[in-house]
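No value in this document is a laboratory result; all are computed from the given coordinates. Note that the structure is predicted; figures quoted are calculated from it, not measured. Virtual Cβ from ideal backbone geometry, glycine too; neighbours counted across all protein chains shown.
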Amino acid sequence: MKPISVIVIGAGLGGIAAAAHLAQHGVHVTVLEKNARPGGRCDRFSRDGHHFDTGPTLFIMPHVYEAEFAALGVSMHAMLDLRRVDPTYRLVFDDGSQLALTSDLKAMQDQLEAIEPDSFQGFLRYLDEGHRHYHQAMQHLVNRDFRTAGEFFNLRNLPLLFSLKPLSRHYDHMSAYFDEPRLKSAFTFQDVYMGLSPFDAPATFSMMPYTEMAHGVWYPQGGLYRVVEALMEVAGQAGVEFAFNTAVKQIELNGKRAKGVILEDGQPLEADAVLANADLPYVYQDLLPSDEQAERLARKRFSCSVISFFWGVDRPYGSLGPHTLFLADDYRANFNEITRDLTIPRNPCLYIHAPARLDPSMAPAGEDTLIAIVPVGHMSERQDQDWKVLIQQARQAVFKRLALLGIADLEAHIKFETCFTPLSWHKRYNLVKGATHGLCHNLTQLGYLRPRNRHPRYHNLYFVGASTHPGTGMPTALISARLAAQRMAEDFEGSLKN
Ligand SMILES: Cc1cc2nc3c(=O)[nH]c(=O)nc-3n(C[C@H](O)[C@H](O)[C@H](O)COP(=O)(O)OP(=O)(O)OC[C@H]3O[C@@H](n4cnc5c(N)ncnc54)[C@H](O)[C@@H]3O)c2cc1C
């Protein structure tokens, strides 16, 4: 019998992992990727011995990777040389005070109580809540899909409305644990990973600081791109075929079915099913005929974006830890300027990554490799956004913050700079509005309310990746891949290997 054939549009993490699952079920899978290499947002480049992960820098939720690698029949630990990063981050506040987030509870107690007396008890209670949120959210919302409204809105899920606190705003909810604004920001900034402001995010997301503290932040030697390489190895062994520099222009339809795709050069390719890993709102906007669903998606909330600087530096900055985060006192204004005014905050919170602290081979001996990430509003047609000016503001903000740590000479030691703006994210990976995390993860865009892994009309067109269920992040992309592949396997039941 001729095997089922599937075309996957995009070799992001979700696309590669889903392709591997399907090929392991005996499907003939071809992945078409517009760029010259796999990885999508989890990308990298090297120059003069400096190696840069251009997207993710934090390997979090290790148990999810472990389970998802196992679901692909391989051992994460055999494929990745992981090292735990502890302290995870060094947080630096506007007044120069610092907090090193560590799993060493005695060190946490000393630091927290120096900032706010008796706050350690609040911290332990917060972790306890985060623990509950993490396990319940993973079990009931993330690690499963919702095919009907009834699977989401039902009496069995009703207790989650109380236990997961989805209706409380994360930042406001922090008053139950801390009075000191610096501590409220220290344990809510992770909402940015969901593309959300802590002033909008559901309190459910206390699961993120919890998992970072309890399960750790890790680093694969060689950088985060090693995850892409490991998955490519698994996909290759399963027989997946990849075509790079191959952009899809359109998904071909026939009645209620997807027939295949048409490439940029006009070549048609047919398949029994199509799985789109490219950003879901882009797929509706650009690859499918316009309809009201595409218009509805365009009106949804999109995550913020970032301006990233990649610097090759001619001397090491050993005083900079692997992950340094500068948090602004005017935390609320900071997020309002990003999510409402769609610009760069006057005093932005920002993040600096020094990968050579974790793996010396990321920079030439005696030099340094630095990445600075400044969250900004996504692209907007309504807004006057002069990215040249915004880049300058972002760069100056980084230098100003580094002065708080006594680093005043970085600008003079930069050998070369590469900079990504929302325009780059849009152009490189077809992310709508250049929103780095795709559709937001606010309450009305989660669970059954998030676009699902199968098109509601074309039943052999599937979706995987950040803007579909369950959402953004590297480990989540792997879950999304498994759920999408499972759905396809069920739809093609009888035609696939077990
Ligand atoms: C700056 C930044 C920092 C991040 N930090 C972290 C972090 O620290 N930890 C973490 O876990 N996650 C992080 N993330 C999120 C994580 O990178 C993403 O959620 C995840 O990589 C998304 O994978 P995906 O499967 O959605 O595919 P994508 O990465 O979106 O890949 C989709 C692929 O489709 C291709 N494509 C698009 N259109 C076409 C077309 N027409 N034809 C062919 N191919 C096409 C694109 O080129 C791309 O390769 C970060 C993301 C960014 C941008």
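Some points to look at:
- Cβ-Cβ FRET estimate between ASP104 and SER163, R0 fixed at 41 Å, reported to 0.05: 0.90
- Sequence of ASP286, ASP272, ASP145, ASP172 once ranked by neighbouring C-beta atoms within 10 Å, starting from the fewest: ASP172, ASP286, ASP272, ASP145
- Relative packing of 461-467, 245-251, which averages over residues the other C-beta atoms within 10 Å, highest first: 461-467, 245-251
- Burial ranking of peptide ranges 53-64, 469-480 (average Cβ count within 10 Å, highest at the top): 469-480, 53-64
- Note: relative contact order over the chain, using C-alpha pairs below 8 Å and six or more positions apart, is 23 percent.
- Applying 1/(1 + (r/R0)^6) with r as the Cβ-Cβ distance of ILE115 and ALA67 and R0 = 41 angstrom yields a FRET efficiency of 0.70.
- Helix 474-491 axis versus longest C-alpha principal axis of the chain: approximately 20°, rounded to the nearest ten.
- Pairwise label distance in nanometres, GLU241 with ASN254, each label 7 Å out on the Cα-Cβ vector: 1.9
- Mean Cβ neighbour count within 10 Å, used as a protection proxy, ranking 275-283, 212-220, 196-204, 67-75 highest first: 275-283, 196-204, 212-220, 67-75
- The stretch 33-130, dipole about Cα centre (Lys/Arg Cβ +1, Asp/Glu Cβ -1), debye to the nearest 20: 620
- Residues in the stretch 327-344 carry Karplus couplings, in order, of 10, 7, 4, 7, 4, 5, 4, 3, 6, 4, 5, 6, 8, 9, 8, 6, 9, 9 Hz; the curve used is 6.51 cos²θ - 1.76 cosθ + 1.60 with θ = phi - 60°, and Gly or Pro positions show x.
- One Cα centroid belongs to the stretch 248-270, the other to the stretch 94-119; the line between them spans 56 Å.
- Residue-by-residue Karplus 3J(HN,Hα) for the stretch 171-182, coefficients 6.51, -1.76, 1.60, Hz, glycine and proline x: 5, 4, 5, 5, 4, 5, 10, 9, 9, 6, x, 4
- Ranked list, fewest to most other Cβ atoms within 10 Å of each Cβ, for LYS165, LYS433, LYS2: LYS2, LYS165, LYS433
- Computed label-point distance, nm, for sites ASP81 and LYS427 using a 7 Å Cα→Cβ extension: 3.6
- Distance between modelled label sites at ARG346 and ARG37, nm, 7 Å Cα→Cβ extension: 4.2
- The chain, dipole about Cα centre (Lys/Arg Cβ +1, Asp/Glu Cβ -1), debye to the nearest 20: 1140
- When LYS184, LYS388 are sorted by how many other C-beta atoms sit within 10 angstrom of their C-beta, beginning with the fewest, the order is LYS388, LYS184.
- The phi torsions of the stretch 134-143, fed into the Karplus equation with coefficients 6.51, -1.76 and 1.60 and a -60° offset, translate into couplings of 4, 5, 5, 5, 4, 6, 9, 10, 9, 7 Hz, rounded to whole numbers, with Gly and Pro shown as x.
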